[in-house]
Amino acid sequence: MTDAPLTDPWPELRSLPMGQRVEVVDPAGSTWRGTVVPHHGFSGERILQLKLASGYNVGLRIRSNFTFRTLEGPAPTSLPPAPASPPAPPDGPWVAILTTGGTIASRVDYETGGVRPVKGEAEILAFYPELARSGPVRIVPVFDRLSEEFRPEDWAALSEQVVASFRAGARGVVVAHGTDTLAFTAAALSFLLVNLPGPVVVVGAQRSPDRPSSDGPSNLDAAVQVARDGRIGEVVVVMHAGLSDTKFAVHRGNWVRKMHSSRRDAFESRNGPPLGWVEEGRVTIDAPYRPAAEGPARSDLPIDPHAGLLWFYPGLDPAGAGAFIQGLRGVVLAGTGLGHVSLVHLPWIREAIARGVVVAMTTQCLAGRADPFVYSTGRELVQAGVVYLDDLLPETAYAKLVWALGHGTTPAEVTRLLRTPRADEFLDRHPGGAPP
C-alpha cells in the first residue's frame, strides 16, 4: 500500500490574503509560523514572504512536498486601531513634534506587510503612546517624504514651522526626519533659527519599524526629553550613543555627521564632543551650550539655493567642474587633507571668482581643519581668492553658504558672513591638536 501523493501547496499559498497567519512545514520537520506579507519584486519564483513573531521577515521557497495550515488570530505585534481623537495629555508645558517623513515617521501595515507613513496626531500618539508620558505633545505633520528628496527651500519652510510652534507656546520642538540628509537639515536650521526660547531637536531612526531592533521609539522618546528639558536654545541632534537603548547623545546640530549606513549609533559629533547625554530618563548637559533665549523665535530668511557642493577626487575633470558651477553664486569645495584640489583646477576657479562666484574650501577629513598655509597648493588657492572655512564639515559649510547667499548681495558680504561665527559652528580648540 502506498501513500497518496502530496498536492503541491504553492497555488493555494500564493492565493492567501495579506495578513493571513499560516504555519508551513518542510519534509525535514522545520516549521515556520508567521503572517503573509507581499511578495516583492526581488524575490524569485515560489517564494512565500512571512513576517515572524520576532518581527523579522523570512522568504521561503515552497516546494511541492511542503505542507501548511492556516492559523487563527491577529498578526504578530499588530497595533490597535488609532483612536478617533488623541488622548487627553496631562497638564504642563508642551512639546511640538514636526513630522517630515522618513523611517521614524512610519509603521508596519500588517494588512499589506509594507511600511507606510504614520499620519495625524491621533495615529502617532497611538503608535508612540509613551510620548505623552512626561507631558503633553502636539503633532504637526509638515512633509511626507524621504530625506533625500529635501531641498533648501524645505529647510526654510521647516524653520518657519518651528517658529510658529514656539510662538504658539511650545517649550521645545522636535523635528522627526529621515537620517540620510538629517545632518544637512540640522545644520541649516542652526543658521536659520535665532533667539530660540527652547531646544530644537532633530531626530531620526536607522532601523525600520518592522524590525525588532527599531530605534525610532527610543530615539523619539529621548528627543522629547531633551525638548521638554528646555535649557538649550539651539539646534541639536539626538540619536543612539551606542548599540543599546540606554544612552543617547545630544549633538550640536552643525557638528554632526552620519558615520554609518545602518548602525543605530551612526551619528557622531566631529571635532567637538557631544553637548550631553540622555540616560535612564535624565538629560545631562556637560559641554558649553547656547542657553534658551527670551524669544520670540525668528527664522532669519531669505536663503538662496544657488549654491553647490563639489567633492574633489583624483581625476576630477576641470571642464566638468567649471560646468557644474554655471548658474551658481557660490560653491563649497570638499578638498583633500588641509583643503587641497589639483592645481589644474585653478583656471576655472579664478574665472569663477572673477565673475563674482564665492568659492569656499573645507576638508573631506572627518576631523581637523582646512589650513591653506602649510603647503604651496593652499597658498595658491588663497591667492586665487578661495575662502577657507576652517573646521566646518562639508554639509555644514554648504548649509551656511545657502543662508549667507540669501543675506549677502556681494561676494565680499557673503565671504564675511561665511567667516563670521553664527551658531557656534567653529570650534575654538580641537581635542588632541593645536588651536586653529
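The values are calculated or read from the model by the stated rules, or taken from the named source; none is laboratory data. It should be emphasised that the depicted structure is a prediction, and the values quoted were computed from it without experimental measurement. A quick note on method: Cβ atoms are made from the backbone with ideal geometry, for glycine too, and the neighbour counts reach across all protein chains shown. Note: accessible area is taken over every heavy atom of the protein model, side chains too, but ligands, DNA and RNA are not part of it. Shrake-Rupley method; radii C 1.70, N 1.55, O 1.52, S 1.80 Å.
Odds and ends about this structure:
- Residues that are open to solvent by less than 20 Å² (accessible area, probe 1.4 Å), in contact with a strand residue (DSSP E or B) (Cβ under 7 Å, 6 or more places away or on another chain), under 25 Å from SER134 (Cα atoms) and assigned to a loop (DSSP other than H, G, I, E, B) are absent from the range 254-274 altogether.
- Every condition in (1) among the hydroxyl-bearing types (Ser, Thr, Tyr); (2) open to solvent by 10 Å² or more (accessible area, probe 1.4 Å); (3) touching a helix residue (DSSP H, G or I) at 6+ places or on another chain (Cβ under 8 Å) is met by SER159 except one, and the failing one is (2).
- Any hit, the range 178-187, residues being open to solvent by 30 Å² or more (accessible area, probe 1.4 Å), within 17 Å of ALA96 (Cβ to Cβ) and either of a type outside the set (Val, Ile, Thr) or outside any loop (DSSP other than H, G, I, E, B) (or both): no
- Residue match in the range 323-330 (condition: open to solvent by 40 Å² or more (accessible area, probe 1.4 Å), over 30 Å from VAL162 (Cβ atoms), over 26 Å from the mean Cα position of the chain (by Cα) and among the aromatic types (Phe, Trp, Tyr)): yes
- The single residue among VAL175, VAL163, VAL140 that is in contact with a strand residue (DSSP E or B) (Cβ under 6 Å, 6 or more places away or on another chain) and part of a helix (DSSP H, G or I) turns out to be VAL163.
- Index of the failed condition, MET361 passing every other in (1) in contact with a helix residue (DSSP H, G or I) (Cβ under 7 Å, 6 or more places away or on another chain); (2) part of a helix (DSSP H, G or I); (3) closer than 25 Å to VAL236 by Cα; (4) not charged (D, E, K, R): (2)
- Scanning the range 367-415 for residues that are farther than 17 Å from ASP300 by Cα, charged (D, E, K, R) and without any contact (Cβ under 8 Å) to a residue 24 or more places away in the chain yields one hit, ARG379.
- Residue, surrounded by the fewest Cβ atoms within 10 Å (Cβ to Cβ), within the range 373-407, restricted to residues that are more than 29 Å from the chain's Cα centre (by Cα) and among the small types (Gly, Ala, Ser): SER376
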